[in-house]
């Protein structure tokens, strides 16, 4: 159990660091200062919110009788605000497009390699 | 300004995949989306706190500004 606690502390520290950087960027953008206390509060809230998200995701996946959390579960977690839902929808479509492009690239590369191997074999046969 | 955000999103992804401590597998696309969701949460929190500080004519974002926007933020997420 102590290992879990240590892991949790490390995760909290990582979240704190990232949240700190994000907040500093936005505060600099709006030309305001932000106190360390505020950053710590935002980081703690984000950590707890992630816990809530994780529990929701687990519940949704379990309800659908699956053992894998998918993109649809995440979309359901973001259902409260319309703008947020649309944003997540957009991002998921971009991800799907990227995956398709990667698959097509791999197919092309595999086809190229096959044709190169075939040509190499033909040349070897001619030389013989 | 875009490049620092890319680095931060990557950190969030690694943290998120470890934070989802359930007995379930999580698809890689879902992890990326959850990272995006958390990033939006943090950005929204900060920007609302900035607006609150603006409306009170302060140029430092104090914890009381964050406390004032917290209830609505939690209801919206």
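The values are calculated or read from the model by the stated rules, or taken from the named source; none is laboratory data. Keep in mind it's a predicted model, so treat the numbers as computed, not measured. Note that we place each Cβ from the backbone using ideal geometry, even for glycine, and neighbour counts take in every protein chain shown.
Before moving on, here are some points about what is shown:
- Residue that is farthest from the chain's Cα centre (by Cα), among those in the stretch A:81-91 that are facing chain B (nearest Cβ under 8 Å) and surrounded by 15 or more Cβ atoms within 10 Å (Cβ to Cβ): A:84
- Selection status of residue A:32, loosely packed, with under 15 Cβ neighbours inside 10 Å and over 21 Å from residue B:75 (Cα atoms): no
- Residue check for residue A:33: under 28 Å from residue B:65 (Cα atoms) and modelled with pLDDT under 90: no
- Where helices (runs of 4 or more DSSP H) fall wholly inside chain B, the ranges with 3 or more residues that are at pLDDT below 90 are B:2-19, B:28-55.
- Pick from the stretch B:52-61, criterion surrounded by fewer than 24 Cβ atoms within 10 Å (Cβ to Cβ) and facing chain A (nearest Cβ under 9 Å), ranking: nearest to residue A:84 (Cα to Cα): B:54
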